[in-house]
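Here's the structure we're looking at; comments come further down.
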Amino acid sequence: MKKEENTTENDLMEKIVSLCKRRGFIFPGSEIYGGLAGTYDWGHFGVALKNNIKQYWWKKFVDSRRDMYGLDAAILMRQEVWQKAGHVENFADPMVECEKCHKRFRADQIENKEKCAECGGKLGKPMHFNMMFKTQVGVIEDSSATSYLRPETAQGMFINFKNTVDAFHPKLPFGMAQIGKAFRNEITPRDFIFRQREFEQMEIEYFVRETDWEKYFEYWRGEMLDWMEEVGIDMNKVHEIEVDKEDRAHYSSRTVDFEFDYPFGQKELFGLAYRTNFDLKNHGLEYVDEEANRASKDIARHDPVGSKMIPHVVEPTFGVDRAVLSILLSAYTEEDKGEEVRPYLKFKPNIAPVICAVSPLLKNKPELVEYANTKVFAPLKAEFGRVLWDDNGNIGKRYRRQDEIGTPFCIVVDFDTLADNTVTVRDRDTALQVRVKVSELANYIKEKIS
Ligand code: ATP
């Protein structure tokens with residue numbers, strides 16, 4: 001790629017958006033019909049990246065723990081869920097409309113509160129705009145069939161609290177975890193996948209005794225920071241912000257936002273909220289705390305029924321799409337090569353869509369293709385899964401393509417391979433090449449990515 005003078009933050013965003021489309025990560029939604037604002041479609045490498053991020057999250061926060069219970073609740077829920085949770089009344093953003101061109105803006109996101117940024121017309125008074133997508137369930141269009149696409153995954157966990165307790169008998173503190181789609185009719189979707197109308201969340205509801213909430217709030221703050229670092233988010237660009245009372249969601253008594261330095265400004269990446277017992281209480285759900293009874297000094301008269309209480313909740317929330325964006329921005333690197341630059345995505349191997357690409361030096365030499373296919377590609381594919389066959393264009397082009405996909409290693413089978421059973425392994429970050437014995441290849445890669 002030709003070197004540009006004075007690359008600005010805006011250019012960086014453009015480069016990321018264009019790379020994502022060109023290399024098959026992320027496409028604009030409904031593009032062939034002119035696009036649908038706030039929606040994106042994920043291509044092969046985008047899905048792989050997103051899946052790796054989600055799997056790593058699940059492994060860390062669910063599979064490797066004893067106190068976590070997974071859930072995959074329906075997106076459509078009865079309207080009572082959102083009435084009781086306070087979302088029908090409160091899940092709204094302040095909106096202003098231009099009296100001349102009727103364009104709508106988020107009142108808290110515009111600098112000039114009087115004048116329309118599009119046509120200079122007068123802006124009307126701010127009003128509340130509920131962001132939930134309303135829909136009808138069933139064939140009779142009466143109000144009882146009204147439902148909403150969920151704007152957060154959290155409520156699915158609250159309404160399944162009793163089911164989870166009855167099925168697994170967890171002792172406090174314990175958590176529920178869910179990954180899934182959420183929908184918000186954002187007034188102004190913008191900044192690529194940062195603010196969409198359909199996106200994904202990874203959420204935990206961690207149930208604790210009221211007296212313990214501060215301890216677990218601190219604990220989850222640390223866990224969230226660790227996870228960010230482990231997936232390759234540039235921690236120099238992460239800031240913790242204590243959210244003021246007036247800016248907190250209606251259910252939260254304390255919120256810490258983790259903000260990231262995006263090219264379009266410092267904005268929210270993830271959030272950590274103390275939801276008190278607001279949701280369980282509103283849904284009329286209780287928990288029998290047997291441990292609390294056992295811990296009481298009156299052990300002899302231990303009541304096996306336990307005491308009824310409503311647990312409090314600490315909620316770490318991760319947006320999948322904002323995780324992807326911050327990881328892309330953290331990974332994007334340009335190596336200065338004089339007149340040219342070499343762009344590459346420095347993904348951590350645990351989340352890279354592809355671990356290694358295998359190429360025969362020339363695709364019209366059957367002996368190279370046969371060797372590369374059977375002795376290198378097939379065994380590596382069986383071992384690592386995320387292995388790509390790439391014989392398109394010359395080797396230079398293949399390296400450039402794999403750099404932009406963020407593939408840590410490119411393996412090339414050439415004529416020397418046929419003689420000595422060694423291959424070239426080229427490292428994405430240093431562009432250095434070494435010869436490795438085919439019999440040692442899997443171990444070599446394993447060692448490098450561990
Ligand atoms: P913002 O202030 O940016 O609108 P929020 O405070 O409303 O965000 P939360 O309700 O805390 O966001 O949602 C939890 C997480 O879901 C956010 O930290 C973010 O990662 C993600 N998220 C929220 N809204 C969107 C959106 N429109 N597009 C993509 N991700 C989103």
Out of region 192-221, which residues are open to solvent by less than 30 Å² (accessible area, probe 1.4 Å) and farther than 30 Å from P28 by Cα?
E205, Y206, F207, V208, F217, W220
Can you pull out every residue in region 107-147 that is under 21 Å from D247 (Cα atoms) and either open to solvent by less than 30 Å² (accessible area, probe 1.4 Å) or in a loop (DSSP other than H, G, I, E, B) (or both)?
A107, I110, E111, N112, K113, K125, P126, M131, M132
Got a sec? Which of L225, L172 is assigned to a loop (DSSP other than H, G, I, E, B), aliphatic (A, V, I, L, M) and more than 14 Å from the ligand (Cβ to nearest atom)?
L172
Helices (runs of 4 or more DSSP H) enclosed by region 309-389 - at least 2 residues per element that are in the same structural domain as V231 (by TED's automatic domain parsing)
320-331
Taking region 190-222 and keeping residues farther than 16 Å from W57 by Cβ and within 13 Å of the ligand (Cβ to nearest atom) leaves R190, D191, F192, I193, F194, R195, Q196, R197, E198
Quick one: L49 ticks every box in (1) assigned by TED's automatic domain parsing to the domain that holds M202; (2) outside any helix (DSSP H, G or I) bar one, so which box is it?
(2)
Could you say whether any residue in region 379-387 is touching a strand residue (DSSP E or B) at 6+ places or on another chain (Cβ under 7 Å), of a type outside the set (A, V, I, L, M, F, W, C) and either open to solvent by less than 10 Å² (accessible area, probe 1.4 Å) or touching a residue at least 12 places away in the same chain (Cβ under 8 Å) (or both)?
no
Any chance V354 is aliphatic (A, V, I, L, M) and open to solvent by less than 20 Å² (accessible area, probe 1.4 Å):
yes
Members of region 243-296 that are free of Cβ contacts under 8 Å to residues at least 12 places away in the same chain, under 24 Å from the mean Cα position of the chain (by Cα) and within 28 Å of K84 (Cα to Cα):
D247
Within region 70-106, track down each residue that is among the small types (G, A, S) and open to solvent by 60 Å² or more (accessible area, probe 1.4 Å).
A74
Cβ pairs under 7 Å, 6+ apart, first in region 154-183 and assigned by TED's automatic domain parsing to the domain that holds D279 and closer than 17 Å to M309 by Cα, second assigned to a helix (DSSP H, G or I) and open to solvent by less than 10 Å² (accessible area, probe 1.4 Å):
F158/D279; F158/L280; F161/L280
Single condition E186 does not satisfy, out of (1) closer than 24 Å to F91 by Cβ; (2) part of a strand (DSSP E or B); (3) not basic (K, R)
(2)
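The values are calculated or read from the model by the stated rules, or taken from the named source; none is laboratory data. Nothing here was measured: the structure is a model prediction, and the numbers come from that model. Cβ coordinates were reconstructed from backbone atoms using ideal geometry, including for glycine residues, and neighbour counts include every protein chain displayed. Protein only, heavy atoms only, side chains kept; ligands, DNA and RNA dropped before computing areas. Shrake-Rupley method; radii C 1.70, N 1.55, O 1.52, S 1.80 Å.
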